[in-house]
Amino acid sequence: MRYLVTGGAGYVGSVCAAHLLAAGHEVTVLDDLSTGFREGVPLGATFVEGRVQDASRWLDASYDGVLHFAACSQVGESVTDPEKYWRNNVGGTIELLAAMRRAGVRRLVFSSTAAVYGEPASVPIQEAAATVPTNPYGATKLAVDHMITGECAAHGLAAASLRYFNVAGAHGAYGERHDPESHLIPLVLQVALGRRESISVYGSDYPTPDGTCVRDYIHVSDLAEAHLLALTAVQPGSHLICNLGNGNGFSVREVIETVRKVTGHPVPEAAAPRRAGDPAVLVASAAAARELLGWEPRRADLAGIVSDAWEFARGVAR
Ligand SMILES: NC(=O)c1ccc[n+]([C@@H]2O[C@H](COP(=O)([O-])OP(=O)(O)OC[C@H]3O[C@@H](n4cnc5c(N)ncnc54)[C@H](O)[C@@H]3O)[C@@H](O)[C@H]2O)c1
């Protein structure tokens, strides 16, 4: 099959593109390199430097589907510069959907996020939970989910929105390097690499076993496998929505302790006050992905996730 991968020079897109290529598919990466890296585009993929907003210049009937990763995804920035998020995430997807319609490309997998749920009333979070995003980033992703539902109903698109929890780990040379970095595992690894003095622990009085926040970490290769399954599971006129997480939570302290064990570095901590809007526990129910996609996470072990991320981080640092 021939797939267009938007955002394939970024973290998740590059790993998914690598998995698509390994499965024998033909891949074109469309990325404007705003937060991605040219060297992130996997060997064997065709690279087009350009914007999703201009997808109609490259998309034609020879494509079997689109995997849409391209987006702005920094929660903090979305609060200070919301219009950038509406313009790129929502505006970009409107143009992409139009380009797909014109080209007759009728299969889409979209990167949605747990941020669409906001602060959950109960955990594990199911897809039927209320969607009350607490920041513009989550709001733009929810708006795109709604747009896709309408596109499926009106124009027969076959689509899936996959709502990722905390994506982590690496796939060989393809891994996470956001700037600024806001995700816990790469931040703790920066301490282990000597790039940061300590790791801030925001709040240690949450109602969790060790008082620190609990999050659901999913290995990026498990996530990629779910995308491949979603490409075959989608049906014309219907919009599949699935959470992607392990269904297991790990606390901030457990992550730090695991990084200490994996890297052999002491990793000093710095106590910091709670951050506004940080729920105590965010864990996915992955039942829908198991049932509808036949997906099973195979790399759920935290030490394995951290170890792959560490290999990648050391490679980048060299
Ligand atoms: N990393 C996570 O934990 C996580 C969690 C939930 C959802 N997501 C979603 O997954 C997707 C990928 O996230 P990531 O962590 O790989 O981010 P990333 O920043 O590494 O990758 C995004 C890529 O999209 C490109 N891009 C952005 N806007 C573009 C545009 N208009 N046209 C062309 N290219 C554009 C960037 O250059 C970058 O290469 C995003 O949609 C994000 O919202 C990520």
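Please give me, ordered by residue number, the trypsin sites (Lys or Arg not before Pro) of region 226-285 that lie in loop per DSSP and have at most 15 other Cβ atoms within 10 Å. Qualifying residues, ordered by number: R274, R275.
What do you get for GluC sites (Glu not before Pro) in region 65-174 restricted to DSSP loop and a cutoff of at most 10 other Cβ within 10 Å of the site's Cβ?
Within region 65-174, no GluC sites (Glu not before Pro) qualify (loop, at most 10 other Cβ atoms within 10 Å).
Atom-type composition of the exposed protein surface of the chain places 51 percent of the accessible area on carbon and sulfur (1.4 angstrom probe).
Seen from a random direction on average, the alpha-carbon convex hull of region 232-276 projects onto 6.6 square nanometres. By the compact-protein rule of thumb, 2.2 N^0.38 Å, the alpha-carbon radius of gyration of the chain corresponds to a ratio of 0.96. In the P(r) worked out for region 90-162, what percent of Cα pairs fall beyond 18 Å? Within region 90-162, distances greater than 18 Å cover 41 percent of Cα pairs. Computed from the alpha carbon atoms alone, the convex hull of region 169-318 holds 132 Å³ per residue.
Please give me, ordered by residue number, the trypsin sites (Lys or Arg not before Pro) of region 141-209 that lie in loop per DSSP and have at most 15 other Cβ atoms within 10 Å.
Here the trypsin sites (Lys or Arg not before Pro) that fit, given the DSSP loop and packing criteria, are R195.
In plain terms, the chain from D210 to M147 could stretch by 18.6 nm, reckoned as 0.36 nm per residue minus the Cα-Cα distance. Label separation (T232 vs E296): 1.5 nm, computed from points 7 Å beyond Cα along the C-beta direction. Note on the chain: with a GNM built from Cα contacts shorter than 10 Å, the maximum mean-square fluctuation among T212, T93, T46 falls on T46.
The convex hull built on the alpha-carbon positions of region 119-202 has an orientation-averaged projected area of 8.5 nm².
Taking N as the number of residues in region 233-318, what value does Rg over Cα atoms divided by 2.2 N^0.38 Å take?
Here the answer is 1.45, to two decimals.
Between the C-alpha center of region 32-111 and that of region 186-243 there is a gap of 22 Å. For the chain, the 222 nm mean residue ellipticity estimated from helices alone, with every DSSP H stretch of n ≥ 4 adding -39500 (n - 2.57) and the total spread over all residues, rounds to -10000 deg cm²/dmol. At an R0 of 30 angstrom, the distance between the Cβ atoms of L193 and D278 translates into a FRET efficiency of 0.75.
If R0 is 35 Å, the Cβ-Cβ spacing of R38 and A303 corresponds to a FRET efficiency of close to 0.65. The mean of 1/r over all distinct Cα pairs in region 1-99, once inverted, gives the Kirkwood hydrodynamic radius of 13.5 Å.
The values are calculated or read from the model by the stated rules, or taken from the named source; none is laboratory data. Since this is a predicted model, take the numbers as computed values, not measurements. As a convention, Cβ positions derive from the backbone with ideal geometry for all residues, glycine included, and neighbour counts pool all protein chains shown. The protein model used for the area step is the full one, side chains on, heavy atoms only, and it has no ligands, DNA or RNA in it. Shrake-Rupley method; radii C 1.70, N 1.55, O 1.52, S 1.80 Å.
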